[in-house]
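Here is the structure we will look at, set down as structure tokens.
The values are calculated or read from the model by the stated rules, or taken from the named source; none is laboratory data. Predicted model only: the values in this text are computed from it and were never measured. When we count neighbours, we look across all protein chains shown, and the Cβ atoms used for this are built from the backbone with ideal geometry, even at glycine. Just the protein is used for accessible areas: all its heavy atoms, side chains included, with ligands, DNA and RNA removed. Shrake-Rupley method; radii C 1.70, N 1.55, O 1.52, S 1.80 Å.
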Number of protein chains: 6
Amino acid sequence: MLKVEKRKLGRNAMMLVLAQDSEAAGVLNELDQLSWKHCQGKVGSMELQKIVAAIETAAKRNGVVESGLYREMHALYHATIEAVQGVTRGQVELGDLLRTVGLKFAVVRGNPYENPQEGEWIAVALYGTIGAPVRGLEHETIGLGINHI
Amino acid sequence: MLKVEKRKLGRNAMMLVLAQDSEAAGVLNELDQLSWKHCQGKVGSMELQKIVAAIETAAKRNGVVESGLYREMHALYHATIEAVQGVTRGQVELGDLLRTVGLKFAVVRGNPYENPQEGEWIAVALYGTIGAPVRGLEHETIGLGINHI
Amino acid sequence: MLKVEKRKLGRNAMMLVLAQDSEAAGVLNELDQLSWKHCQGKVGSMELQKIVAAIETAAKRNGVVESGLYREMHALYHATIEAVQGVTRGQVELGDLLRTVGLKFAVVRGNPYENPQEGEWIAVALYGTIGAPVRGLEHETIGLGINHI
Amino acid sequence: MLKVEKRKLGRNAMMLVLAQDSEAAGVLNELDQLSWKHCQGKVGSMELQKIVAAIETAAKRNGVVESGLYREMHALYHATIEAVQGVTRGQVELGDLLRTVGLKFAVVRGNPYENPQEGEWIAVALYGTIGAPVRGLEHETIGLGINHI
Amino acid sequence: MLKVEKRKLGRNAMMLVLAQDSEAAGVLNELDQLSWKHCQGKVGSMELQKIVAAIETAAKRNGVVESGLYREMHALYHATIEAVQGVTRGQVELGDLLRTVGLKFAVVRGNPYENPQEGEWIAVALYGTIGAPVRGLEHETIGLGINHI
Amino acid sequence: MLKVEKRKLGRNAMMLVLAQDSEAAGVLNELDQLSWKHCQGKVGSMELQKIVAAIETAAKRNGVVESGLYREMHALYHATIEAVQGVTRGQVELGDLLRTVGLKFAVVRGNPYENPQEGEWIAVALYGTIGAPVRGLEHETIGLGINHI
């Protein structure tokens, strides 16, 4: 069973990327109280691999995952690809389909289940815009991927 | 160009489904001030068509779309399918892959762009859990679809 | 190299399903002059398997393919699935996504290439409407699949 | 309900790309009588984005869509991607899968429904060849996308 | 780095389903020497969910995964869906596309990497036939999914 | 009906890529006794088109297919793309998703069915590793495609 509201991994990650101005402080405070690892960043590109790489690099640099451990990189990778599917909705492609994204991302790692044996899980949240490579010809887009780690 | 923060169509729809307890009141208040149409609901099923139908029915009953107008139903339909892609991440199937969802949904219709000629757009936001048809064997999932209407 | 215009397999199949009233006569005449096998039919359903079965049955009954030969059924099957992908555009699903189709179909078998060693090929063409299971809430849709046989 | 035969948006767009020699004249005449906007062109590439860009550019230059209006570009974009799915049948990729296309395209914009409130819709039709990047190792391919605009 | 040949998780799982008569004995002996958990079974169906359920049930009954632990069921589920993608090649559907499968499956759980911190991984291997629901109109098919657990 | 074990086209192709050291000799001997054409090779890349090209080139050079005949190249192409789908499991992309493969491949052409009219079929088997472009951050992957030729 999912733990109480404040331990919802995906919701917390999504609130970080949706937060405006000072709103993120409350979420970050909760995450720190839970001792959950997390990181945030921004990335814009027509190349999907740059989105994947930016998230990976931020997660490694901030100690959310251990870079030398394939097990952890594998968990993060699949969570990232799942989040990207929410953003691209159908064809997991950007530049090849003549579109670009500008995204905020957040990665959160914690133990969201009551049973301690369920261990740690990781969430990748994305929020921003997708559209033509012309300023303003774009709309919002969101994605969330969750995996055991 | 996207209008100021409070006019972000997708963000508003997503905040409605992520809201806990009294949090939704603020978003609903903003939507009413903007005179944007909206509706919310819950649906759980192993059958995708029931998810699609629940959203469609709620949007029609609450006057967010006009049911007799194919143009509007077409816009809502594609926004819904795009949101479902974020939820299912890869294979747009539930029961056939032995999984089920429990979702909150919100549909918001408004004019998010500064240029009045951009007219109305519609957002469908989904948030809840996806997993095995066994209570507790599930994790969070999110989807957002946006279309011109 | 593709032979002259009149030997274009896919174009001929597509013209059969697009033909109105007496227009088909010209195409059928050309196909008979070429001694190319062909059949036509109509099918409407929310179930994809009924579309696939209707095409298969018509092709077998009209001698376009030999039902006992897996080689021929395999060629027809893949041409059909490819045509269905044009009709469904993204998710190869109908009822699960709460939509239905009403289609005309044509299957044409012939030798469209100048080199006689290229042998026979088969085309499956689809044209009709796709939309909500409500009369009128629908738009046109098209698909074409081609395979060696 | 779809209007009479001559107002079938998708069929008209498809007839333009299938037309040989003087056949297009009849269709163009009908489109002009209906005061429907339209354009045609040819494009060949191993890069999908060039296909998308060629259609977009032709539609803007010929006044079929208004380039500064995201609403219109969004409608055209999705109609184009749907047409491309008929052409690629499964994987929306060309060069990455070592294949290339040579296509005729047509974009038609009009009001195909009897109810004037249904407003304008847009169709993108594609017809040509797909195959290996070697002359002659190719077969025909077709795609049609339709959207409200 | 992947360990020596005999510790190749995917290869071992695949050899189990490809084995004829007495050939499996050698693989099973190696797996037992490594103290790797494993199970095998057969399943035939036009419904994907029955394939997924059969693998899940066998893995639980044979103690390859712990049924009460979502973490383990989640790892097995995704490995299974990945294996099914190799079997279905494109559209993750069976009966809806009028086709059926007859499959042998094997699930193997072990530690294939030299670094002990990489921990346990799980492989799902599938081999059998796919085709029309008519005996003999079928060809071979294979799938392999691997996940950290 | 599929012929006896030794004539299983897909199994033979898969055994060739799974074989270690001297194991392949037995399979090759069987293939030669059956007078079945075959070839093997290795390819590693982040670009899918290089995988497709390597298989195509090897099959042509070893006379498994006749390069000037589109019919044969078309059969091989689709078998290859189907095998690649087992390897990529979901998104038929490598570098765009920041991943790379190192693969052994085998192509086998023969007549696996008892009925001589079923003629020749072709199998493409792939086995190797997929993962991040960092040595060791990878796991095994498999794919098999079969087509009539």
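Charges only on Cβ, +1 for Lys and Arg, -1 for Asp and Glu: so what's the dipole of the protein assembly as shown about the Cα centre, in debye to the nearest 20?
Rounded to the nearest 20 debye, it is 0 debye.
Under the convention of a label 7 Å out along Cα→Cβ, give the distances in nm from residue D:6 to the same position in every other copy, shortest first.
Values, ascending and in nm: 3.0, 5.3, 7.1, 7.1, 8.2.
As a test of understanding, state the convex hull volume per residue of the protein assembly as shown from its alpha carbons, in Å³.
Output value, Cα hull per residue: 141 Å³.
In a GNM of chain B with a 10 Å cut-off on Cα contacts, which of B:21, B:96, B:32 has the highest mean-square fluctuation?
B:21
Go ahead and set up a Gaussian network model of chain A, Cα springs under 10 Å, then flag whichever of A:135, A:11, A:109 fluctuates most.
Result for chain A, Cα springs under 10 Å: A:135 fluctuates most.
Please enumerate, by chain and number, the aspartates and glutamates with C-alpha under 16 Å from the C-alpha of residue D:42, excluding those fewer than 8 residues away in the same chain.
Within the straight-line cut-off, residue D:42 pairs with D:21, D:56, D:140.
Over the protein assembly as shown, average the accessible area per residue using a 1.4 Å probe and give it in Å², no decimals.
Accessible area per residue: 35 Å².
Using a Gaussian network model of chain A whose springs link C-alpha atoms within less than 10 Å, name the residue from A:17, A:92, A:124 with the highest mean-square fluctuation.
Judging by the Gaussian network model, the answer is A:92.
Give the angle, between 0 and 90 degrees and rounded to the nearest 10, that separates the Cα long axis of helix E:9-18 from the longest principal axis of the Cα atoms of chain E.
40 degrees
Can you grab the distance from the C-alpha centre of region A:28-57 to the C-alpha centre of region C:10-37, Å, no decimals?
58 Å
Compute the angle between helix E:24-33 and the longest alpha-carbon principal axis of chain E, please, reported from 0 to 90 degrees and rounded to the nearest 10.
30 degrees
At q = 0.11, 0.18, 0.22 Å⁻¹, what is the log10 ratio I(q)/I(0) for region B:9-148, with the Debye formula run over Cα points and no solvent?
For region B:9-148, the Cα-only Debye profile gives -0.38, -0.98, -1.35.
Given the rule -39500 (n - 2.57) for each run of at least 4 DSSP H residues, summed and divided by the residues of chain A, what is its mean residue ellipticity at 222 nm, to the nearest 500 deg cm²/dmol? Kindly include the intermediate steps, with their values, before the conclusion.
On the way: 4 runs with 53 residues, N = 149.
So the helix-based figure for chain A works out to -11500 deg cm²/dmol.
What are the distances, in nm and sorted shortest first, from the label point of residue A:25 to the label points of the same position in each other copy, with each label point placed 7 Å from Cα along the Cα-to-Cβ direction?
From this label point to the equivalent ones elsewhere in the assembly: 2.2, 7.3, 7.6, 7.6, 8.3 nm.
Compute for chains D and A the buried accessible surface, both sides summed, probe 1.4 Å, and express it in Å² to the nearest 100.
1100 Å²
When only Cα pairs under 8 Å and 6 or more residues apart are kept, what is the percent relative contact order across region B:1-117?
For region B:1-117, the relative contact order is 43 percent.
Threshold 40 Å², probe 1.4 Å: give the residues of region D:83-97, in number order, that are less accessible with all protein chains present than with their chain alone.
Hits at the 40 Å² cut-off: D:85, D:89, D:91, D:92, D:93, D:96, D:97.
Distance in whole Å from the B-onto-F rotation axis to the closest C-beta of chain B, together with the residue it belongs to, please.
B:90, 3
Give, rounded to the nearest 20 debye, the magnitude of the charge dipole that region A:19-149 has about its Cα centre when Lys and Arg contribute +1 at Cβ and Asp and Glu contribute -1 at Cβ.
Value, rounded to 20: 380 debye.
Expressed as a whole percentage, what fraction of the accessible surface of chain D belongs to carbon and sulfur atoms when a 1.4 Å probe is rolled over the protein heavy atoms?
Whole-percent figure for carbon plus sulfur exposure: 46.
On a C-alpha basis, how far is the centre of region B:104-149 from the centre of region E:113-149 in Å? Whole number, if you could?
After rounding, the separation between the Cα centres reads 35 Å.
Along Cα→Cβ at 7 Å, what distances in nm separate the residue B:68 label point from those on the other copies, shortest first?
3.7, 5.9, 5.9, 6.7, 7.1
Along the positive direction of the dipole of region D:9-148 (beta-carbon charges: Lys, Arg +1; Asp, Glu -1; about the Cα centre), which of D:125, D:45, D:85 reaches farthest?
D:45
Using a loss threshold of 50 Å², tell me which positions in region D:135-149 are less accessible in the complex than in their chain alone. Probe radius 1.4 Å, ligands and nucleic acids ignored.
Those residues are D:137, D:139, D:140, D:142, D:144, D:146, D:148.
Out of region F:48-149, which GluC sites (Glu not before Pro) are coil in DSSP terms and have no more than 14 other C-beta atoms within 10 Å?
F:66, F:114
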